[in-house]
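Remarks on the structure that follows.
Laboratory data are not the source of any read-out in this text; all were calculated from the coordinates shown. Fair warning: this is a prediction, and the values are worked out from it, not measured in the lab. Glycine also receives a Cβ, built like all others from the backbone with ideal geometry; neighbour counts cover every protein chain displayed.
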Amino acid sequence: MPFAGTPLRDEYAAAVERMARRTLDALQGAGGTASLTEPDELLASLPTDPDGSVPGPVLAAARVLGPDLFAPQLFNSSSPLNPLNPLNPFRESTRVPLDGSAARLLAEARRVFPPPAADSWDGSPTGPPPPADDANLVIAWQDWAASALLAHTPYGGQAAPPPAAVPRPGPRPGSPPGPHDWQAWSVRMAQLSVLALPGLDGPVHELARAHTLDLARGTARSMLRRDLRTAARLARWLAWARADGRPLRLEVWPVLERIRLTGDGSARTLLELAIADRLLNGPPEPGRARTPR
Amino acid sequence: MTADTRVLSTAQHVGSRALDWLDAGRRNGFGRLPDNTVVDLADPNDAYKPLGELALAASLVLRDGVAGPGDTRTARGLLDFAWDQVRAGDLLYERQLRHLTTTDPLETYAHFARADYRHAAMEELLDSLGRLRAVHAVEAEPNRRLAVANARRIVGLADRPDWAALAAATWLGATPEPWAVDWMTAYRITHTVFHLTDWGARPDGLPEPVHAYVRDWLPVWLDVWLEIGQWDLAAELLAVDACIGEPATGRQGWEALATAQHADGLLPRDSEPVDADPAHAFRDHQHTAVVGVVAATITLSRALGGTPVAT
């Protein structure tokens, strides 16, 4: 419940932070706390309004975290459904069965806060998009990821078709040639870090595979600019590319370690780090430090 | 080598104007040694390091031969001036004679020797010192050892240093986490590249893992120091880009320097206000002008095919 005078924005930010913390705990198997692999435990652990409905800030938080709500299920090594688990009979399948409260919550959040109208730029290659459409493109891809994962649950319908365009590295139309544009592109990719999950693949992932050096440069740049959340998100893409078998020019674990020690300590950033860690190293072993070495 | 002609034209313009600004400073009497300069210079950095840097820039203009006749004449005039200031090498010789393990006389002399301003007694002395174990036992940072090795190479002394071992001992040699670089380390990086490549004359002088490492991360370092207006360091990084062969950065750097350059050709070292007193402004920003000339010269030279050097 909001405190009197708490600005709405702070209240929503706190809700995102709480939900990121629960997801992180579930991902790391923190004993006794909410496990998203158990149906309804997440919902049961959340506050409800007197009428039993999920409060707006909680739904907004689910909308913000989107696909990352499924991270505990996707990475749970004991689950035969984990697409990274070699024992998973569905490993080669594009269908990753997902269930439980995360799906219910995300579906409800998407109902209450629908995706932006599809009348924004459709990615038509006939003309250069104005800069604002880059942001729309990011939102469109985040939505695609959420709907693609939800489609594997009883709460999702048909997976939405992927957006027609991807954020591309390289010069914009009309701008000078040369290796200039990795900066802006890597920032866009950082905003799309929720796509760096097992079970998701598409044109954005193809770009990540093809431009690991640009991702690495973006990571180093963000580190030097002390933009550690962007660095964490790009390191997550690098970890994803590494898990995909791509060679990297930047060691990822020192980046994760540095951000863990010097970052903002927020659950959102720690969740990015934890997902990157799982992509790099698989499930934690007893006695191993949380950040890989 | 593929060359972006707009980059080359911007670099040429920035470098030429920086050279003119240095020359105008000289004509206004800035950058001269005090009349009472004696061998025991308390602070060589203040006294004649800038003269050595002036000689560096001018000697590279002459070495690479890519400047127009006006800039070539200006460079020759600046070298004559600097050589006169060090009393045709006597001042360097006397200092080296007295301080056998001090390296600044050698390093300064190398810039003159590059353009064939020679001092026979100095070379005999340096040759002799090179045979002392003491001279090689001096404890120095690895990038400083490279500076000495390259200076001796330029002068033409007979040593055969182990370049691979010297390179391996530097920061770059370890190819560390690229996000761990700080401002001082970045300068050590640029100088490691300058000495290993002899200021762009030997682009193959970087060992391969280091070469790939610099190409990978130079765009990042340039970007972050351009963003905070560290023009002096940015110009050094652009010089590095020219030293390693095919450039790894695009137009961003040179266009930022061109925008930062003042109407009179002054290239500010950073984004702080420039001192209104011309003498102070010259003192504060002469290094950046030198770097601008060096970076532009090597950029043009490499794009036009490079300068062969005798081995």
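Listing for the model above:
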{"quantity": "Per-residue mean of C-beta atoms belonging to partner chains within 10 Å, peptide B:171-180", "calculated": "4"}
{"quantity": "For the range B:175-254, radius of gyration divided by Kirkwood radius, i.e. Rg to Rh on alpha-carbons", "calculated": "0.92"}
{"quantity": "Shape box of the range B:123-191 [Cα atoms, principal axes, largest first, Å]", "calculated": "45, 18, 18"}
{"quantity": "Extension gain, B:E272 back to B:R131 (0.36 nm per residue minus Cα-Cα distance, nm)", "calculated": "46.1 nm"}
{"quantity": "Leading residue at positive end of dipole, chain B (Cβ point charges), from B:G65, B:I228, B:P176", "calculated": "B:G65"}
{"quantity": "Alpha-carbon gyration tensor eigenvalues x 5, square-rooted, for the range B:135-280, Å", "calculated": "28, 18, 14"}
{"quantity": "Other protein chain Cβ atoms within 10 Å, averaged over every residue that makes up A:217-227", "calculated": "5"}
{"quantity": "FRET efficiency for A:L248 and B:R6, using Cβ-Cβ distance with R0 set to 35 Å, rounded to 0.05", "calculated": "0.60"}
{"quantity": "Pair A:A14, B:D80: separation of 7 Å Cα→Cβ label points (nm)", "calculated": "7.8"}
{"quantity": "FRET efficiency, 1/(1 + (r/R0)^6) with R0 41 Å, evaluated for A:A135 and B:T101 via beta carbons", "calculated": "0.10"}
{"quantity": "At least 15 Å along the helix axis (C-alpha) and Kyte average at least 0.5, DSSP helices within chain B", "calculated": "B:49-64, B:231-243"}
{"quantity": "From the C-alpha gyration tensor of the range B:45-183, square roots of 5λ in Å", "calculated": "26, 21, 14"}
{"quantity": "Estimated FRET transfer efficiency (B:R118, B:E177; beta-carbon r; R0 60 Å; 0.05)", "calculated": "0.85"}
{"quantity": "Cα-centred dipole magnitude for chain B, charges only on beta-carbon of K, R (+1) and D, E (-1), debye, nearest 20", "calculated": "800"}
{"quantity": "Local electrostatic count at B:D270 - Lys and Arg +1, Asp and Glu -1, tallied over other residues with Cβ under 11 Å", "calculated": "-2"}
{"quantity": "Neighbourhood net charge (14 Å Cβ-Cβ; Lys/Arg +1, Asp/Glu -1) for A:A216", "calculated": "+4"}
